[in-house]
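The values are calculated or read from the model by the stated rules, or taken from the named source; none is laboratory data. Values in this document were obtained by computation on a predicted structure and should not be read as measured data. For neighbour counting, all protein chains shown are included, and Cβ atoms are generated from backbone atoms with ideal geometry for every residue, glycine included. These area figures cover heavy atoms from the full protein model, side chains too; ligands, DNA and RNA do not enter into them. Shrake-Rupley method; radii C 1.70, N 1.55, O 1.52, S 1.80 Å.
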Number of protein chains: 2
Amino acid sequence: MKDKELTTEQKIKYVQDTLFVISGKWKLPILIAMNQGCYRFRDIQRSVLPITTRVLSRELKDLEENKLVIRTVYDAPKTVEYTVSPYCKSLKPLVDEMIKWGQNHRRKISGK
Amino acid sequence: MKDKELTTEQKIKYVQDTLFVISGKWKLPILIAMNQGCYRFRDIQRSVLPITTRVLSRELKDLEENKLVIRTVYDAPKTVEYTVSPYCKSLKPLVDEMIKWGQNHRRKISGK
DNA sequence: CATATTGGTATCCTATAGGTTATTGATATC
DNA sequence: GATATCAATAACCTATAGGATACCAATATG
């Protein structure tokens with residue numbers, strides 16, 4: 001664990017793992033919306049429009065498999081609730097970097 | 001510029017911008033290889049195998065359009081050289097975060 | 001009891017990313 | 001002068017991501 005010296009191949013592998021989990025058109029928008037307080041399926045859909053139920057359903061499953069989202073079913077009244085897991089917080093530094101970089105990049109490309 | 005308060009929509013937009021620039025199977029592997037000292041087309045290809053010339057060519061163009069890579073043509077002897085731009089250094093914190101997160105995530109998923 | 005909303009699934013379709021293979025003209029090497 | 005290497009491009013193919021539309025059973029609401 002104190003082995004900070006990664007080979008180039010390892011670095012590439014880990015970066016690709018990360019990309020695999022968070023990339024795609026909707027995953028981060030969904031997580032950001034959920035962090036804003038959306039926890040019901042339709043609420044999430046409405047705040048990440050125009051995503052379809054089909055795609056949202058698959059994305060939530062992927063996120064659940066990666067332990068970033070927790071799906072809970074309550075009865076009385078029967079409802080389904082999605083929440084970001086505690087583990088999901090570990091993404092924050094990464095997402096913050098992405099926001100920062102994207103913001104700066106837009107300035108850079110659109111001629112300052 | 002001191003406006004740190006971004007709306008959810010802005011955050012999502014910037015994150016998507018960033019993803020658009022760096023995602024895909026090869027972009028970061030290429031940049032990592034170039035940082036390791038590869039600057040000739042064939043050198044880059046060999047260190048990011050099994051990428052094909054077709055894909056490498058397109059990726060380098062994309063990276064050039066995003067000002068992350070600089071393409072220089074020399075004559076006498078006529079050679080083409082690709083280098084990472086100074087601006088590319090701005091990606092380092094992000095890529096480091098991705099390496100870190102991916103490494104930890106692998107542990108997390110593969111049952112610790 | 002009729003209608004709307006919930007959390008989805010089933011089909012089908014399109015666009016894009018990426019892969020395969022062959023070829024190019026220009027130089028370099030033997 | 002033949003062969004190999006360079007930096008690509010062309011034509012074609014496949015797999016996957018994502019979108020369109022319809023539908024479902026279960027519950028809630030008017």
## Note on the structure
Note on A:GLN45: of the conditions (1) under 25 Å from B:ARG107 (Cα atoms); (2) more than 10 Å from DNA strand D (Cβ to nearest atom), unmet is (1)
### Task
Take the residues in region A:67-88 that are modelled with pLDDT under 95 and outside any strand (DSSP E or B), then tell me which one is nearest to DNA strand C (Cβ to nearest atom).
A:LYS78
### Query
Of all residues in region B:12-24 being touching an Asp or Glu at 6+ places or on another chain (Cβ under 9 Å) and not polar (S, T, N, Q), which is farthest from the other protein chains (Cβ to nearest Cβ)?
B:GLY24
### Query
Pick from region A:5-22 the residues that are in a helix (DSSP H, G or I) and of a type in the set (Asp, Glu): which of them is nearest to B:SER110 (Cα to Cα)?
A:ASP17
### In region B:67-109, residue nearest to the other protein chains (Cβ to nearest Cβ) [restricted to those that are open to solvent by 50 Å² or more (accessible area, probe 1.4 Å) and aliphatic (A, V, I, L, M)]
B:ILE109
### Message
Regarding region A:43-60, can at least one residue be identified that is within 15 Å of DNA strand C (Cβ to nearest atom) and in contact with a Cys (Cβ under 7 Å, 6 or more places away or on another chain)?
### Response
yes
#### Entry: region B:4-53, residues that are open to solvent by 90 Å² or more (accessible area, probe 1.4 Å) and closer than 30 Å to A:LEU31 by Cα
B:LYS4, B:GLU5, B:GLU9, B:PHE20, B:LYS25
### Task
Assess whether B:LEU56 counts as being among the aliphatic types (A, V, I, L, M) and either open to solvent by 30 Å² or more (accessible area, probe 1.4 Å) or in contact with a Lys or Arg (Cβ under 9 Å, 6 or more places away or on another chain) (or both).
no
### Query
List, please: which pairs have Cβ atoms under 8 Å, are six or more places apart or on different chains, and start with a residue in region A:47-67 that is closer than 20 Å to A:CYS88 by Cα and end with one that is open to solvent by 100 Å² or more (accessible area, probe 1.4 Å)?
A:SER47/A:GLN36; A:LEU60/A:ARG71; A:GLU64/A:ARG71
### Message
Condition (residue is acidic (Asp, Glu) and more than 11 Å from the chain's Cα centre (by Cα)) applied to region A:50-63: is it met by at least one residue?
### Response
no
